[in-house]
Amino acid sequence: MASVHSDLSVSAAASPWGAVALKILVAGGFGAGKTTLVGALSEIRPLRTEEQLSELGRPLDDTSGVEAKRTTTVAMDFGRIDLRPGLALYLFGTPGQDRFWFVWDELAQGALGAVVLADTRRLSDCFPSVDFFEQRGIPFVIAVNCFEGTEAYAPDDVREALDLDPGVPVLLCDARRREDGRELLIQLVEHAAARR
Ligand SMILES: Nc1nc2c(ncn2[C@@H]2O[C@H](COP(=O)(O)OP(=O)(O)OP(=O)(O)O)[C@@H](O)[C@H]2O)c(=O)[nH]1
Ligand SMILES: [Mg+2]
């Protein structure tokens, strides 16, 4: 991945001591697996901002399809991967619920690209993420998080349902698996490099 870095330097935040950080967002609808993916990929203990879902929030928090969910991200997730000395990936997981939209613009500043997680039980929940990145010209890949017991869909079906541009990669994944996450990041960096 390091070889692609020279093409992507515009998105890199260089520190005064020469270290470079590439910023990648992990987005998608409520409960799609964003916190899980950042945690699976991060080489440091990820920063999380989880709060309990409560009875009071029930009218706002649509847990249909993810009834077992007990907590939700209220600000962001943060993880880090060191690619080599002086070059790191910073991963920022977005909050999934509409009422935290105000955080997104801040998180998206200077991002190289985004992984948009999709849950096929609630596919329309990732429309706002897709719109967000399309409108800002930020490259993204779609990662269909394959929860057990859900119907399997081919990537092309998901592409059609989301009305994506032909070049946008669509991959199937298990957000808990680091290997899957790495493949997503590689596809994202290659996609971002191709778009430049
Ligand atoms: N079976 C299965 N469960 C998963 C997978 N990914 C996430 N989960 C579970 O799904 C639930 C939701 O995952 P989170 O990672 O919290 O989802 P999120 O997108 O960060 O949720 P919000 O921040 O509330 O929007 C958790 O209980 C995870 O353990 C997966 O690939 N397979
Ligand atoms: Mg979360």
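Mind checking whether some residue in the stretch 86-98 is within 16 Å of ligand 1 (Cβ to nearest atom), in contact (Cβ under 8 Å) with a residue 12 or more places away in the chain, open to solvent by less than 30 Å² (accessible area, probe 1.4 Å) and part of a strand (DSSP E or B)?
Looking through the stretch 86-98, at least one residue is within 16 Å of ligand 1 (Cβ to nearest atom), in contact (Cβ under 8 Å) with a residue 12 or more places away in the chain, open to solvent by less than 30 Å² (accessible area, probe 1.4 Å) and part of a strand (DSSP E or B).
Just one of (1) within 11 Å of ligand 1 (Cβ to nearest atom); (2) within 27 Å of GLY167 (Cβ to Cβ); (3) not in a loop (DSSP other than H, G, I, E, B) trips up THR35, so point out which.
Failed condition: (2).
In this structure, does LEU22 turn out to be within 16 Å of ligand 1 (Cβ to nearest atom) and either at pLDDT below 95 or within 22 Å of PHE133 (Cβ to Cβ) (or both)?
The answer is no for LEU22.
Considering only the stretch 132-177, how many residues are among the charged types (D, E, K, R), over 14 Å from ALA118 (Cα atoms) and open to solvent by less than 60 Å² (accessible area, probe 1.4 Å)?
Selection size over the stretch 132-177: 0.
Among the residues in the stretch 60-75, are any in contact (Cβ under 8 Å) with a residue 12 or more places away in the chain, of a type in the set (Lys, Arg) and within 13 Å of ligand 2 (Cβ to nearest atom)?
Scanning the stretch 60-75, I find at least one residue that is in contact (Cβ under 8 Å) with a residue 12 or more places away in the chain, of a type in the set (Lys, Arg) and within 13 Å of ligand 2 (Cβ to nearest atom), so the answer is yes.
So which residues in the stretch 145-196 are without any contact (Cβ under 8 Å) to a residue 60 or more places away in the chain, outside any strand (DSSP E or B) and of a type in the set (A, V, I, L, M), if there are any at all?
Hits for the stretch 145-196 are ALA152, ALA154, VAL158, ALA161, LEU162, LEU164, VAL168, ALA194.
The values are calculated or read from the model by the stated rules, or taken from the named source; none is laboratory data. Small disclaimer: the values here were computed from a predicted structure and weren't measured. For neighbour counting, all protein chains shown are included, and Cβ atoms are generated from backbone atoms with ideal geometry for every residue, glycine included. Please note that ligands, DNA and RNA were not included when accessible areas were found on the heavy atoms of the full protein model with its side chains. Shrake-Rupley method; radii C 1.70, N 1.55, O 1.52, S 1.80 Å.
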